[in-house]
Amino acid sequence: MTRNGVAAKVANEKSQHPERFCPKAKCLWRTGGTHCPRHAQPESRATLTLEANEIRSRMRADVGLADTAAWIRHPEFARLSEISRKLERMAS
């Protein structure tokens with residue numbers, strides 16, 4: 001198979017299953033739907049804060065406010081902690 005044949009085959013697969021590839025139009029990296037390293041957007045303070053607020057809202061809906069142990073056990077708690085650390089590093 002020629003090089004163009006392989007690229008054409010991957011492009012065809014991307015048109016059928018775009019959720020498996022980088023979302024950029026001509027990029028053929030298989031990433032599971034996230035941006036590839038070349039097209040990744042740097043995380044800004046605003047996007048991190050927005051994501052943290054969305055996670056907190058989902059966690060409040062799932063477990064409420066009173067049960068601290070339930071918050072720690074929540075599946076999204078690790079991502080929320082990671083975002084908090086990134087925001088603290090940006091502030092200092």
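Each value in this text was obtained by applying a stated rule to the coordinates, not by laboratory testing. Keep in mind that this is a model prediction, so the values were computed, not measured. Don't worry about glycine lacking a Cβ; one is built from the backbone with ideal geometry, like all the others, and counts go over all protein chains shown.
Each Lys and Arg adds +1 at its Cβ and each Asp and Glu adds -1 at its Cβ; summed about the Cα centre, the chain shows a dipole of about 520 debye. Across all directions, the average flat footprint of the convex hull enclosing the Cα atoms of the range 1-40 is 2.7 nm².
Relative contact order of the chain: what whole-number percent is it, with Cα pairs under 8 angstrom and at least 6 residues apart? Over the chain, the number comes to 17 percent.
Just to check, using Stokes-Einstein with a Kirkwood Rh over alpha carbon pairs, what's the diffusion coefficient of the chain at 37 °C and 0.692 mPa s in µm²/s? For the chosen part, D equals 204 µm²/s.
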